[in-house]
Amino acid sequence: MNRTLNPYAPETLNGVSPGSPAGCLDAYHEYVFDVVLVASQVLDGQMRSIDTDSDFLLRALTFASTGNFSVRFADASGHYLSDRKILNACLSPDGGRPYVFMPEVVFPAGSAIGIDLSELSVAGNTVQLVFRGAKRYRQ
């Protein structure tokens with residue numbers, strides 16, 4: 001039997017052992033990025049800082065917006081996670097069915113998530129991005 005796993009569900013709900021490595025504790029956490037864009041604005045090179053107390057494991061993304069936009073993310077080294085910006089229609093505004101990063105992307109403590117945004121609705125647009133994942137504490 002080929003069983004499909006839910007990559008966003010906790011490992012224990014998928015029937016496998018917890019995902020925290022030995023000597024670490026993973027705790028659910030969200031980082032929020034809010035921005036107000038004017039008509040047709042391109043806002044590249046934005047950053048969402050990661051706390052200095054622990055690494056952050058980016059596992060999923062949800063958003064809310066008042067119009068259309070496209071977005072591209074970069075890891076802590078500045079490498080893009082996609083070759084071009086992704087339309088918001090391809091992401092998920094539904095918190096119960098988020099856009100999943102598989103495998104998870106690790107952001108070291110004190111680093112930042114890179115964000116490039118383009119406003120596409122030719123009107124003002126308020127965008128909220130919610131980065132969902134876990135803080136990994138070393139014990």
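Computed from the coordinates by the stated procedures, all read-outs in this text should not be read as laboratory data. Just so it is clear, the structure is predicted and the values come from calculations on it, not from any experiment. As a convention, Cβ positions derive from the backbone with ideal geometry for all residues, glycine included, and neighbour counts pool all protein chains shown.
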Computed over all unlike Cα pairs, the Kirkwood hydrodynamic radius of region 33-83 in Å stands at 13.3 Å
Using a simple charge model, +1 on the beta-carbon of Lys and Arg, -1 on the beta-carbon of Asp and Glu, nothing else, what dipole does the chain show about its Cα centre, in debye to the nearest 20? 280 debye
Quote the relative contact order of the chain in percent (integer), defining contacts as alpha-carbon pairs under 8 Å separated by 6+ residues. 43 percent
For an R0 of 25 angstrom, estimate the FRET efficiency from the Cβ-Cβ distance between V42 and I86 and round to the nearest 0.05. 0.95
Per principal axis, largest first, the Cα atoms of the chain extend in Å by 48, 39, 23
If you take the charge dipole of the chain about its Cα centre, with +1 on Lys and Arg Cβ and -1 on Asp and Glu Cβ, which of V100, V42, G114 is farthest toward its positive end? V100
Which value, to two decimals, describes the C-alpha radius of gyration of region 78-139 once divided by 2.2 N^0.38 Å? 1.33
Calculate the spin-label point distance for S49 paired with V122, positioning each point 7 Å from the Cα along the beta-carbon direction, and give it in nanometres. 3.9 nm
